[in-house]
Structure formats: C-alpha cells, structure tokens
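Contents: one structure, followed by commentary.
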Ligand SMILES: Nc1ncnc2c1ncn2[C@@H]1O[C@H](COP(=O)(O)OP(=O)(O)O)[C@@H](O)[C@H]1O
Ligand SMILES: [Mg+2]
C-alpha cells in the first residue's frame, strides 16, 4: 500500500524512520499497567510488548478489560499505575504528541451522520492537519479498498452498519498513524464488509503499521499474529495462535448429535474428559487420550440413549483453547 | 489552532444547514411564544363587573359614577340603593367589586375634608382584585384631580395628587402598557431557554453518538471544541434576540427608545452566561434524554426567579439571594430599560457588571467541569 508519506514530499514530519522491516522495532510497550474503577480492578498489572507490523489481538469475555486497555493506550484514560510508550512517545507524559502517532477507533466509532462520507473524512483530516494533497490521495486509496468509492456523496447516517465501520476506519487512518487501536471493530458487521475491513488491515501491516484490536470473533482472533487472552483484567496467556493451540492440554474431539445438551449431560464428569463445550450443532470434547476415550464415550452415550452421527478428532479453534486454558486455571 | 477551530465551525454550520428542521425549530417556537405571551400574559383587566351603592345622590357622586361607567375596565352592572343589594350582587357573583359612596360625600369634598369611599372586593381572585383596586385608585385620583382646584380630596394637598396621577400615567392608563413590560421580558426568557437547551443538547449529542470521544483522540484541544460548539449558538442567540426584538417592535409596537449597542452588549454578556449554563448542563448528562429532563428543572427556576412576572422584592430572602446569580434577572433589567426607558451605561453599569461576572464564573466552572468529564 502506497502510504501518505510517498505522495506527501513535504509534510513528512511525524513518520521519518519507520521503514525498517527486518528487525521490527517495538512500537507499543506497556509496563505494569493498572486501572481500577472504585473497588473494581478493571485492568491489573498488564505487560505488553508489540512490534511494528504486528496484528495483536486482545481476546476475552465482556468486562475483561479490553476497552479499558485500549483507552489507556490511546491516552484518553489515565492509568493508576504503569507506563506506556507508543511509537517512541511516552503516552502518559505527552498524550498530545502521542495522538499524532496513533489512532484509536472506539467500539462505536463516532461519525457525523448529517455529513457525507467525504465531509467526514475531510473533517478528521483537518483535525489532524493533513495536507489537502495527502488527504485526497489517501482517502481515494482507502475508499477504494473499502468499496466506498461510489458513496462519497452519501450521508454517513444512510450507510449500512458495515459501511459505517469502514468509513470509521478510513477516518481513523487519514493521518497515517503508526499505531492503530481498534476496539471490536467488526462487531455487527456483515461478512463481506468484514473481509474488506481485514483486507485494509493486512495492507496496513505490510506498510509497517502496528495494529492492536480486540475482538469477540474467534475466526478473527486466529488471523492475529499474536493474541493476549484476557480474563478479569489480567493477561493469562499471550502468544501466537498456533503456539497457544499447542499449549492446550489434551486432544479435541468433535461429536455431532441431534441432542447436544443431553450429550453434554452424559459426558460431564466422566474420567478422562477434560472439558465439554457446546459449539452450535456439535460438541467439542477435550480428552486426555483419544484412543482410550473414544470407545468409552461411545459406550457411555449408548447407555444414556444419546444418538451420535459422528465422532472425530479435530484441530482446536482459539475458542477451545481459550476455554480450556481458563478451565485449567480454575482447577489449579 | 485556527485551522481546527475553523473546521469545527464549518462542521457545525454544515450540520445545521443539513438539519431541515433547524430553522423551523429555532424560529417558530420563539414567534409562537411571543404571540402567546404577548396576548395572554397580561395584567390588564377589562370589564370588571362592578356594583355601586350611591347613598349620597349628589352631583359629586354621580360624577364619580360616570368616571367608572366611562372606562372599559369596569362594567357597572348595578347602581344600588341598599346595602343588602350590594351584598347579594357579590354573593351571587354578579359583581366582583362594590363601591360604596357614603352619604355626605359631596359635603365632605366641599368642606375640604377627606371624603371616605368604601370599596368591597371579592378576593377569590386576588390578582384581578388587586389590579382592579389599582384602577379604582387611578380613577379616584383623576376624579379628585378634576375637582382639585376647589375641592381637595382625602385631605391631601393638591400638589401631591398631581404627582401621583403623573406617576401612574405612563404605566397603567393605557391598556397596552403591561405588554410593553412583558414582551422585553419574554425576549430574555425565551433566549435563555433556547440557548441553554441548544448548547446542552448539541454537546450531549456528540457524547451520546460517540463523536466526542472520537475527536478527543485527535489533536483538538478541549477549548477548541468548546469554542466550536458555542460560537454558533452565540450567533444563533444574537439572531434570536434580533428577531424577537424586531417582532416586538413591528407586531406589538413596543417602543424601542434606547441605544441598540447597549442592547447588543447586554445581550452578548447574557448569552455568554447562558452558554456557560448550557455547557454546565451538558456535563451532567450522558444522553439527550437526561439533558432534556435536566433542562426543564434547571431553566425553570431561573425563569420564575428572574423578576419576569413575580417581583423579586416580594420573594422570601433565600430566593432573593438566588436571584443574585441569575443572569436573566440582570438582562431583564437591561432589556426593559433599553426598550422603554432608553437609559445608558451610566445607569445600567451595575447590571452589566453583574452579567460580566456571571458570564465569567459560569464559563469557567463549566469549562473546568467539561474538561474533567472528558476523562
Ligand atoms: N468508566 C467506568 N466506570 C466504572 N467501571 C468501568 C468503567 N469502564 C469500565 N468499567 C468496568 O471495568 C471492567 C472492564 O470493562 P471494559 O474494559 O469495558 O471490558 P471489555 O471491553 O473487555 O468488555 C468492567 O467490569 C466494566 O464494568
Ligand atoms: Mg469493550
């Protein structure tokens, strides 16, 4: 992706030396980050080290602290303790400077619904003092990638949910930030828009932008270069999706049955069964030793008169890993 | 900074332009309320049903009665001859007021003694009764003035009678005069309501929709945002005031004898205070609905405790203290004085000073609170 600084030629003040691709520099570093709301420890002693070109995912249930972390990284919420450095800027000491290096897209991006797509982009561009030439070049490119090129005259309020979200992303990117913070950017967005959205993210990563996003979609989590599994304000695990899967104790079996609930009832608590998780029409069962347990499961289900159509070993998804890891924690 | 402020203002006016109903919402309610207040909110009372008991049957008593018959404020429904007839008129709601001219009325006047006149009022509607009493005293004053060369009335020297009648003249003798008093008040009150609610809603909407958090992660400074949000409403407020002032002059024929620049100065200070109030209100609300409810509770006391209709001097001490921080109170003084009296800064400086201080205090508090509310 040809970024703004290629066209600019003159207003190249904020992003001078970012094109190093081999030894990716650390762009986001948080140390000992904590934030409480009253007695509630929303974020507890978080450590993050994220390098340029990463797509870093924050995953966790509602209330885990994802939004709170994002807001602190963006400099709009001051932490109780800890320090944050984004693109070489101390966010807590100099939030105004940090704003030029990063972009934060809140869970619900605020668009001016009475303004057109082009006017929204213009407005955010002006707020960041983006030159006219830069703004036009960058917005054309982003609009095309987002599939919004034909909608520039449309009022933002008349866009679909997915289009609004993509417009939000364009506005957030108009000043060519080095670090992009996205809080659940694709929640409630249709699959086509989501694909385009991710297309833009991949392009950004190519150009060395650091992306931190929180997501509730496990398929999106799998696309991240690294994931932090958050629970109750703490990072429990942080690694690549592949390595996280490898750390999952046990082996995963998928069982298809007409009555998954009864199946879960029948298997819960049986020896060798480490976990049972409903996944729509199928049930994911984690076992210690599949060779030994599959026949036992068949027998037990026959006993309980639960018919099954399929039982097979599968590669775990990130959701399985997440549930498994948190389960294991509870036991120990 | 001017770039960001400029684009902020551009955005505000663009939004306003896109909002088809904006002009309607800004102008129509003002005009309607002007009309409602102009026609309905009046202290003038016409056709008060009056019974008169004439026990004197003299030249003077008949002359006095003719004064009452002549004015449209009173309808003389009964000229009775017995006390019981009068009592019946009042009891049966046939008359609201009864005037008793005692025997010897003429005699007393001729002898230069105070001639007592008894007035009985139905106090059920104290407002009407009080107003009617005011008219009665005028009529009697006029009457006595007409007799004054030879016949001092109520034993007062003629000079003081002349003085009293001169004082009353500009305020009550012409039936339209309390509209002159009301319309300037309406202008101030409506502007306050309009500007406070518009400012509060506009800011709360940005909070509610999420644009506030969004632009706070841009390099925009809080004061740029605040200026961008308030300058348009300052201009709208000035436009509103100009509109209703013109309307009051052209439609209701309220005289505008003062200096328009003094009015502009007073209006500007008043608007700054109102903007501060709107900004302050916005910091107490997360949603437009909350702002709406708050606005109601917030603005109403300012309206009632402004001297708009209820005299401040008649309020309990505690409420009188509250009126000290009420910008509307001072603006009403300014606007009425400029409209009707044409006085300048030499007289109005204390009110202007109060408005300046209030504007400063309100804006400071609200800006500080607003900045805190961004966290
Ligand atoms: N401004 C706030 N005041 C009080 N509590 C808050 C505030 N913001 C977040 N919280 C609480 O902090 C916890 C973490 O919230 P959040 O970061 O929004 O979680 P997530 O984004 O993962 O759903 C939640 O329990 C939430 O209720
Ligand atoms: Mg959240």
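Here are a few things to note about the model shown:
- In terms of other Cβ atoms within 10 Å, A:36, A:207, B:84, B:114 run from fewest to most in the order B:84, B:114, A:36, A:207.
- DSSP beta bridge pairing in the protein assembly as shown, given as percent antiparallel to the nearest 5: 60 percent
- The largest-to-smallest principal axis extents of the Cα set in the protein assembly as shown are 131, 72, 46 Å.
- Counting all C-alpha pairs of chain B, share separated by more than 28 Å (%): 57 percent
- Value of [θ]222 nm, deg cm²/dmol, for chain A, DSSP H segments ≥ 4, -39500 (n - 2.57) each, nearest 500: -11000 deg cm²/dmol
- Here region B:297-363 is treated as a Stokes sphere of Kirkwood radius computed over C-alpha pairs; at 10 °C and 1.306 mPa s its diffusion coefficient rounds to 127 µm²/s.
- Note on region B:48-150: Cα-only Rg and Dmax are 13.2, 41 Å.
- Between region A:201-251 and region B:233-254, the alpha-carbon centres lie 61 Å apart.
- Per-pair calculated FRET efficiency, R0 = 30 Å: residue A:206 and residue A:234 via Cβ, rounded to 0.05: 0.40
- Largest first, the three principal axis extents of the alpha carbons in region A:75-213 are 45, 32, 30 Å in whole numbers.
- Placing R0 at 25 angstrom, the Cβ-Cβ distance between residue B:256 and residue B:28 gives a FRET efficiency of 0.60 after rounding to 0.05.
- Among B:288, B:107, B:33, residue whose mean-square fluctuation peaks in a GNM of chain B (springs only between Cα atoms under 10 Å): B:107
- Fewest-first sequence of B:203, B:304 by Cβ atoms within 10 Å of each Cβ: B:304, B:203
- Extension gain, residue A:256 to residue A:149: 0.36 nm times the residue separation minus the Cα-Cα distance gives 34.1 nm.
- Part-to-part distance (alpha-carbon centres) for region A:96-139 and region A:285-332, which is given in Å: 49 Å
- Sequence of A:164, A:153, B:49 once ranked by neighbouring C-beta atoms within 10 Å, starting from the fewest: A:153, B:49, A:164
- Tilt relative to chain B, helix B:345-373 - C-alpha long axis, 0 to 90 degrees, to 10: 40 degrees
- Rounded to 10°, Cα long-axis angle of helix B:22-40 versus longest principal axis of chain B: 10 degrees
- Gaussian network model of chain B, Cα within-10 Å springs - most flexible of B:261, B:21, B:251: B:21
- Top of A:53, A:38, A:82 by mean-square fluctuation, Gaussian network on chain A, Cα under 10 Å: A:38
- Summarising the strand pairing of chain A, around 70 percent of its internal DSSP beta bridges are antiparallel.
- Shown is the FRET efficiency for residue B:284 and residue B:235, computed with R0 = 25 Å from the Cβ-Cβ distance and rounded to the nearest 0.05: 0.50.
- Computed log₁₀ I(q)/I(0) - Debye formula, equal Cα scatterers, no solvent, chain A, q 0.12 Å⁻¹: -0.88
- Folded to 0 to 90 degrees: helix A:318-331 orientation relative to chain A principal axis, Cα: 60 degrees
- When you work out D = kT/(6 pi eta Rh) for region A:135-284 at 25 °C and 0.890 mPa s, using the Kirkwood radius from C-alpha pairs as Rh and the Stokes-Einstein form, the result is 134 µm²/s.
- Distance in nm between pseudo-label sites at residue A:281 and residue B:113 (7 Å out along the Cβ direction from Cα): 11.5 nm
- Mean residue ellipticity (222 nm) of chain B, computed from DSSP H runs ≥ 4 via -39,500 (n - 2.57), nearest 500: -22500 deg cm²/dmol
- Given their separation in residues at 0.36 nm each and the Cα-Cα distance between them, residue B:67 and residue B:6 gain 15.3 nm when the chain is fully extended.
- At full extension, residue A:315 and residue A:246 could sit 23.8 nm farther apart than now, given 0.36 nm per residue minus the alpha carbon distance.
- Where only C-alpha atoms are counted, convex hull volume of region B:254-300 per residue in Å³: 89 Å³
Here, each number is a calculation from the coordinates, and none is a lab measurement. Remember, predicted model here, so these are calculated numbers, not experimental data. Don't worry about glycine lacking a Cβ; one is built from the backbone with ideal geometry, like all the others, and counts go over all protein chains shown.
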